[in-house]
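Participant: Structure incoming, see below.
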Amino acid sequence: MSNNSLVSISDFSKDEILELLEDARRFEENPNQNLLSGKVVATLFFEPSTRTRLSFETAINRLGGRVIGFSDASTSSSSKGETLHDTIMMVSNYADLIIMRHYLEGAARYASEFSPVPIINAGDGANQHPSQTMLDLYSMYKTQGTLDNLTITMVGDLKYGRTVHSLLMAMYYFKPRFNFVACEELKMPVEYKIFCEKHGIEYHEYTDFSADVINETDILYMTRVQRERFTDLMEYERVKNLYTLRNSMLEGSKDNLRILHPLPRVNEIAYDVDKNPKAYYFKQAQNGLYARQAIICKVLGIK
Amino acid sequence: MANTKKELAVAALENGTVIDHIPTQSLFKVVNLLGIKNLTGSVTIGFNLDSKKCGKKGIIKVADVFFPEKTLNRIALIAPNAKINVIRGYEVVDKYTVTLPDEIVGIVKCGNPKCITNNEPVETHFHVVDRDNVVLKCHYCERSFKDDEIEII
Ligand SMILES: [Zn+2]
């Protein structure tokens, strides 16, 4: 069993996060470094996610490593009924590192308990997606120059959005202040509010996406409001446009405000925002490459 | 120690373990959890007995068996106030209330159908995150469950 796996962002200490941010910055300066020469990395996508897989595979290629794996469980041995356990054991004979995405929650934690090689969790159902959190942290760090004392406004689907939950947990080291903007049906779950209270993190909840909230914000974290999340479709029709960001809403916002979104977007950010220099979501996705390069080297113990 | 009839009933065991103050609705779950049906010695199970503290209660007296404290603490999930009396030679030699362990391995089923533990042969594992309100967090899928949502395997 390898202790170097990355399953959940909370596996990292504050110092480790800061060190990873610094590593990501170095990879951004020079993304092509032959650090994985002679290494084979497996990307096992039991559930397809082209965006995440391409980002990881680019990271490996730019580090000079080689990639094996599959992008869809229907083409893999698990479609023949092989257990996750047996697939991981088989692949660990070939690879130095396994990057896996799975539709079952806890799959990566379980794999990390018996795999002879490190595991990086590239998403386990609705649970964790730590490389996404790392790239969010890196994007915030880069645009604000610090992670300390930021006012972060999260908008949209705060109930099911795993990226906002992981980000909230990871930020507790950095004394943030949160605004949660969502409709009744997609409010931040109680357990995360308890987490904030327990750690002395200030938060405010709003159902209105108003200028007052935007104007005090450093990081505006937008998420998708998905139709399939609603038990009441009438409610969806009522709220679907209430949490859309338009360029005119940014008029009184702070100069340092940056808009993040895990992508893909649907209609929660109007296209007229894209030209605003405060729109950061496409650059944010690019930061994923550097954050993933940093993570890969960390779990493999490569400096 | 008051010399009441109830105390005498407990003391009537020569050697063994008495588990008292089990909520009556949890009695048979406790019986299962401790694997009592596999025992060969004599076992007395009291069901729906009157209790001053909690209305109706259950009690289990197991002759000639001394459970490790760790094993008995597993029942704290469903019988948080259970009292243990260890009897040797008709005397109560040890007495304690069960306490919830920090980690619960096995015993509890994860309530999340998409959890790996419900889909692959993985032993369940929970962290007790809130002892007073009995909140368990799954080690794998990281979901939390309150006491009324907890399902014993
Ligand atoms: Zn679970």
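The values are calculated or read from the model by the stated rules, or taken from the named source; none is laboratory data. Computed from a predicted model, the values in this text were never measured in an experiment. Every residue, glycine among them, receives a Cβ derived from its backbone with ideal geometry; neighbour counts consider all protein chains shown. Heavy atoms of the whole protein, side chains included, go into the accessibility calculation; ligands, DNA and RNA do not. Shrake-Rupley method; radii C 1.70, N 1.55, O 1.52, S 1.80 Å.
Participant: Scan segment B:140-153 residue by residue and report those that are within 11 Å of another protein chain (Cβ to nearest Cβ) and in contact (Cβ under 8 Å) with a residue 24 or more places away in the chain.
Facilitator: First, the residues of segment B:140-153 that are within 11 Å of another protein chain (Cβ to nearest Cβ): B:140-146.
Result: B:Tyr140, B:Cys141, B:Arg143, B:Phe145.
Participant: Return a yes/no flag: does segment A:37-48 have any residue that is more than 28 Å from A:Arg162 (Cα to Cα) and surrounded by 14 or more Cβ atoms within 10 Å (Cβ to Cβ). If you could, list the steps in order and put the result at the bottom.
Facilitator: First pass over segment A:37-48, keeping only residues more than 28 Å from A:Arg162 (Cα to Cα): A:37-40.
Keeping just the survivors that are surrounded by 14 or more Cβ atoms within 10 Å (Cβ to Cβ) gives A:39-40.
The answer is yes, given that some residue of segment A:37-48 is more than 28 Å from A:Arg162 (Cα to Cα) and surrounded by 14 or more Cβ atoms within 10 Å (Cβ to Cβ).
Participant: Hey, another quick one. Taking the residues in segment B:13-30 that are open to solvent by less than 20 Å² (accessible area, probe 1.4 Å) and without any contact (Cβ under 8 Å) to a residue 60 or more places away in the chain as candidates, determine which candidate is nearest to B:Asp148 (Cα to Cα).
Facilitator: Top of the filtered list is B:Ser26.
Participant: How many residues are in a helix (DSSP H, G or I), surrounded by 13 or more Cβ atoms within 10 Å (Cβ to Cβ) and at pLDDT below 95 when one looks only at segment A:212-237?
Facilitator: Of all residues in segment A:212-237, those in a helix (DSSP H, G or I) come to A:212-215, A:227-229, A:233-237.
Imposing the further condition that a residue be surrounded by 13 or more Cβ atoms within 10 Å (Cβ to Cβ) reduces the set to A:213-215, A:229, A:235-236.
Of the ones still in play, those that are also at pLDDT below 95 are A:229, A:235-236.
Adding up the residues that qualify gives 3.
Participant: (1) open to solvent by 40 Å² or more (accessible area, probe 1.4 Å); (2) near the ligand (Cβ under 9 Å from one of its atoms): which one isn't true of B:Pro121, the others all being true?
Facilitator: Single failed check for B:Pro121: (2).
Participant: Looking at (1) within 30 Å of B:Lys114 (Cα to Cα); (2) touching a strand residue (DSSP E or B) at 6+ places or on another chain (Cβ under 7 Å); (3) of a type in the set (A, V, I, L, M, F, W, C), which is the only condition A:Val40 fails?
Facilitator: Checking A:Val40 against (1) within 30 Å of B:Lys114 (Cα to Cα); (2) touching a strand residue (DSSP E or B) at 6+ places or on another chain (Cβ under 7 Å); (3) of a type in the set (A, V, I, L, M, F, W, C), the one that fails is (1).
Participant: Something else: Evaluate segment B:77-89: report whether one residue or more is within 14 Å of the chain's Cα centre (by Cα), in a loop (DSSP other than H, G, I, E, B) and polar (S, T, N, Q).
Facilitator: yes
Participant: Now for a different question. Just to check your reading of the model, which residue among A:Arg292, A:Arg224 is touching a strand residue (DSSP E or B) at 6+ places or on another chain (Cβ under 9 Å), under 30 Å from A:Phe12 (Cα atoms) and among the basic types (Lys, Arg)?
Facilitator: Of the residues listed, the single one that is touching a strand residue (DSSP E or B) at 6+ places or on another chain (Cβ under 9 Å), under 30 Å from A:Phe12 (Cα atoms) and among the basic types (Lys, Arg) is A:Arg292.
Participant: Can you name the residue in segment A:86-107 that is within 16 Å of the ligand (Cβ to nearest atom) and small (Gly, Ala, Ser) and is also nearest to the other protein chains (Cβ to nearest Cβ) among such residues? It would help to see each step written out before you state the result.
Facilitator: Let us first name the residues in segment A:86-107 that are within 16 Å of the ligand (Cβ to nearest atom), namely A:102-107.
Next, only the ones that are small (Gly, Ala, Ser) stay: A:106-107.
On the way: A:Gly106: 3, A:Ala107: 5 Å.
In this case the residue turns out to be A:Gly106.
Participant: In segment B:131-146, what count of residues is obtained for those that are within 10 Å of the ligand (Cβ to nearest atom) and in a loop (DSSP other than H, G, I, E, B)?
Facilitator: Qualifying residue count for the region: 5.
Participant: Scan B:Val105, B:Val93, B:Val98, B:Val128 and give me the residue that is free of Cβ contacts under 8 Å to residues at least 40 places away in the same chain, closer than 30 Å to A:Leu84 by Cα and either away from the ligand (no atom under 15 Å from the Cβ) or more than 14 Å from every other protein chain (Cβ to nearest Cβ) (or both). Talk me through it step by step, then tell me what you get.
Facilitator: Numbers: B:Val105 fails: either away from the ligand (no atom under 15 Å from the Cβ) or more than 14 Å from every other protein chain (Cβ to nearest Cβ) (or both); B:Val93 fails: closer than 30 Å to A:Leu84 by Cα; B:Val98 fails: closer than 30 Å to A:Leu84 by Cα.
Answer to the selection: B:Val128.
Participant: What is the residue count in segment A:238-250 for residues that are at pLDDT 90 or above and exposed (fewer than 13 other Cβ atoms within 10 Å of the Cβ)?
Facilitator: Count: 2.
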